[in-house]
Amino acid sequence: LEMVKEILDVAGLPYKESRFLSPPKKTYAVYHDSMSRRGGDNINLISQHDVSIELYEYKPDPKAEKDLETILDSLGIEYEKQARYWIEDAQLYQVVYDFTYHQKGGV
């Protein structure tokens with residue numbers, strides 16, 4: 001969770017977990033972070049985070065996408081970027097980035 005917040009802080013995007021009640025009037029992000037824990041000898045010391053970052057754009061925003069991708073690349077995070085698509089009901093474009101990262105130690 002902290003890693004996701006750091007990524008979005010560096011990208012300079014307004015963001016929230018799950019949803020915005022009052023979305024900003026510029027490109028913003030919503031993220032989802034699913035976590036599973038495991039380990040050996042009945043001690044869970046490894047966390048796996050499956051993350052989706054959804055960029056919402058009022059018009060295509062290649063700079064925001066490039067900024068986010070540059071941060072993910074600089075951290076060596078492998079990711080999948082879905083094609084931009086138009087959400088008719090919301091009148092917004094959406095671009096989704098999915099990635100997984102692992103943490104060792106406490107939660």
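The values are calculated or read from the model by the stated rules, or taken from the named source; none is laboratory data. Values in this document were obtained by computation on a predicted structure and should not be read as measured data. Reconstructed Cβ throughout: ideal geometry from the backbone, glycine too, with neighbour counts over all protein chains shown. SASA here: full protein model, heavy atoms, side chains in, ligands and nucleic acids out. Shrake-Rupley method; radii C 1.70, N 1.55, O 1.52, S 1.80 Å.
Here is how the numbers come out for the structure above:
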read-out	value
Point-charge dipole on Cβ atoms (K/R +1, D/E -1) for the chain, about Cα centre, debye to 20	220 debye
Alpha carbon Rg of the range 1-106, scaled by the compact-globule rule 2.2 N^0.38 Å	1.17
Between 0 and 90°, nearest 10: helix 62-74 axis offset from the chain longest Cα axis	20 degrees
Whole-number accessible area per residue in Å² for the range 22-107, which is evaluated in the context of all protein chains at 1.4 Å	62 Å²
Global size of the range 1-57 as Cα Rg and Dmax, reported in angstrom	14.4, 50
Nearby lysines by direct alpha-carbon distance to K5 (threshold 17 angstrom, same-chain neighbours under 8 apart not counted)	K16
Computed [θ] at 222 nm, deg cm²/dmol, the chain (DSSP H ≥ 4; -39,500 (n - 2.57); rounded to nearest 500)	-6500 deg cm²/dmol
Scaled radius of gyration (Cα, divided by 2.2 N^0.38 Å) that the range 52-107 gives	1.33
The chain: angle of helix 2-11 to the longest principal axis, Cα-based, in degrees nearest 10	30 degrees
